[in-house]
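The values are calculated or read from the model by the stated rules, or taken from the named source; none is laboratory data. In this text, all values refer to a predicted model and were calculated from it rather than measured experimentally. Note that we place each Cβ from the backbone using ideal geometry, even for glycine, and neighbour counts take in every protein chain shown.
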């Protein structure tokens with residue numbers, strides 16, 4: 001068979017980029033590791049079929065293998081993550097492919113929203129990092145809740161879903177997923193990121209890592225919401241267990257302050273805290289009042305000087321152990337997962353355009369990371385766009 005004249009430098013770059021062991025790549029291409037090493041060294045060439053298998057295994061376009069030099073990849077949004085006060089290690093391939101998929105969807109949805117409503121959202125970038133934290137948080141609450149305040153919910157998951165519903169109603173696109181697209185073999189890593197925001201005034205976006213502990217997702221939502229009000233894009237990895245939330249960039253510090261104030265306003269909270277009660281008792285009682293997780297309650301007590309770091313650290317360690325026993329769930333079926341993974345308004349818009357014939361079914365399927373038959377069955381089950 002004809003050899004594919006690939007560039008071995010690009011192949012070496014792609015293998016390093018994928019962060020996969022050579023034996024794993026070789027197995028995926030159905031060759032021995034020694035043969036892969038020979039390809040990387042330029043001593044041998046793969047066949048075209050093997051080169052196609054390489055591009056699939058390494059998640060790169062087939063044509064990349066024939067470039068003169070490895071392509072320069074730049075992240076489309078700022079990386080605001082830190083670990084121990086230093087920039088975090090580079091974002092992995094799963095995140096990069098996830099972001100590219102989200103941006104692909106965003107390009108379509110932005111045009112759709114602009115054509116159908118034509119309005120810009122005034123709250124995006126309404127404030128700056130120098131504005132008063134309570135003022136920003138109060139405006140966020142006003143936009144989401146109006147004069148009536150948050151709806152009553154039974155537990156943290158219901159509360160998060162209420163927040164997402166309110167945000168979507170305000171024009172914010174919210175996605176929550178734990179995998180790349182619909183590929184269950186490509187899970188997202190919490191050690192890589194917890195969420196990101198794109199502060200676009202037509203389709204502002206919040207993405208929450210669905211693999212994160214349930215107790216952490218609601219704070220991530222509030223943190224990314226603050227990004228939108230400040231008009232700042234970025235990838236975040238907030239660490240609730242760290243005294244400084246694990247961040248050193250001023251914009252991340254500000255978003256954490258706003259998020260905490262949004263979830264639990266400082267006015268009134270100290271009076272609710274009972275110094276004679278245990279941390280656990282306070283956490284249980286106040287989590288029912290504020291409808292947030294126990295850890296967010298105790299974290300707020302730390303921020304407001306009601307407890308010390310040592311007591312918080314012990315409480316956090318116990319709670320973190322409990323989180324490991326609780327998986328972050330989706331809807332329980334692929335049909336239920338679609339609006340969670342892709343956002344409610346986006347899913348409704350894509351399905352309605354496909355059913356009406358404006359959008360080809362295969363294009364709609366690519367936007368929703370689904371099969372064309374799924375679009376039809378989703379519609380038949382009574383979930384068309386409203």
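Can you work out which of the residues in the stretch 25-38 that are surrounded by 13 or more Cβ atoms within 10 Å (Cβ to Cβ) and out of contact with any helix residue (DSSP H, G or I) (no Cβ under 6 Å at 6 or more places or on another chain) is nearest to residue 185 (Cα to Cα)? Steps first, please.
Within the stretch 25-38, the first condition is being surrounded by 13 or more Cβ atoms within 10 Å (Cβ to Cβ), and the residues that meet it are 25-29, 31, 33, 35-38.
Remaining after also requiring out of contact with any helix residue (DSSP H, G or I) (no Cβ under 6 Å at 6 or more places or on another chain): 27, 31, 35, 37-38.
On the way: 27: 16, 31: 21, 35: 25, 37: 25, 38: 28 Å.
Across the stretch 25-38, the extreme among qualifying residues is 27.
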Within the stretch 297-337, which residues are crowded, with 16+ Cβ neighbours inside 10 Å, modelled with pLDDT under 90, more than 15 Å from residue 216 (Cα to Cα) and touching a helix residue (DSSP H, G or I) at 6+ places or on another chain (Cβ under 6 Å)? 330
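Just one of 117, 133 is at pLDDT 95 or above and either outside the structural domain of residue 366 (by TED's automatic domain parsing) or closer than 24 Å to residue 346 by Cβ (or both); which is it?
Values: 117 fails: at pLDDT 95 or above.
The conditions single out 133.
May I ask you to list the residues in the stretch 226-235 that are over 12 Å from the mean Cα position of the chain (by Cα) and either part of a loop (DSSP other than H, G, I, E, B) or within 18 Å of residue 176 (Cβ to Cβ) (or both)?
To start, the set of residues in the stretch 226-235 that are over 12 Å from the mean Cα position of the chain (by Cα) comprises 226-233.
Those that are over 12 Å from the mean Cα position of the chain (by Cα) and either part of a loop (DSSP other than H, G, I, E, B) or within 18 Å of residue 176 (Cβ to Cβ) (or both): 226, 227, 228, 231, 232, 233.
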Kindly evaluate residue 200 against the criterion of being assigned by TED's automatic domain parsing to the domain that holds residue 235, more than 24 Å from residue 246 (Cα to Cα), exposed (fewer than 15 other Cβ atoms within 10 Å of the Cβ) and touching a helix residue (DSSP H, G or I) at 6+ places or on another chain (Cβ under 8 Å). no
Could we say that residue 96 is closer than 21 Å to residue 209 by Cβ and outside the structural domain of residue 38 (by TED's automatic domain parsing) here? yes
Over the stretch 252-282, the set of residues under 27 Å from the mean Cα position of the chain (by Cα), farther than 13 Å from residue 224 by Cα and surrounded by fewer than 23 Cβ atoms within 10 Å (Cβ to Cβ) is 265
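Could you look through the stretch 67-94, keep only residues that are out of contact with any strand residue (DSSP E or B) (no Cβ under 8 Å at 6 or more places or on another chain) and surrounded by 17 or more Cβ atoms within 10 Å (Cβ to Cβ), and pick out the one that is farthest from residue 346 (Cα to Cα)? Lay out the reasoning, then the answer.
The first filter runs over the stretch 67-94 and keeps only residues out of contact with any strand residue (DSSP E or B) (no Cβ under 8 Å at 6 or more places or on another chain), leaving 67-74, 76, 82-86, 90, 92-93.
Those left that are additionally surrounded by 17 or more Cβ atoms within 10 Å (Cβ to Cβ): 70, 82, 92-93.
Values: 70: 34, 82: 31, 92: 26, 93: 25 Å.
If we take residues in the stretch 67-94 being out of contact with any strand residue (DSSP E or B) (no Cβ under 8 Å at 6 or more places or on another chain) and surrounded by 17 or more Cβ atoms within 10 Å (Cβ to Cβ), then 70 is farthest from residue 346 (Cα to Cα).
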Looking at (1) more than 13 Å from the chain's Cα centre (by Cα); (2) modelled with pLDDT of 90 or more; (3) under 30 Å from residue 117 (Cα atoms); (4) surrounded by fewer than 19 Cβ atoms within 10 Å (Cβ to Cβ), can you tell me which one residue 181 breaks? (1)
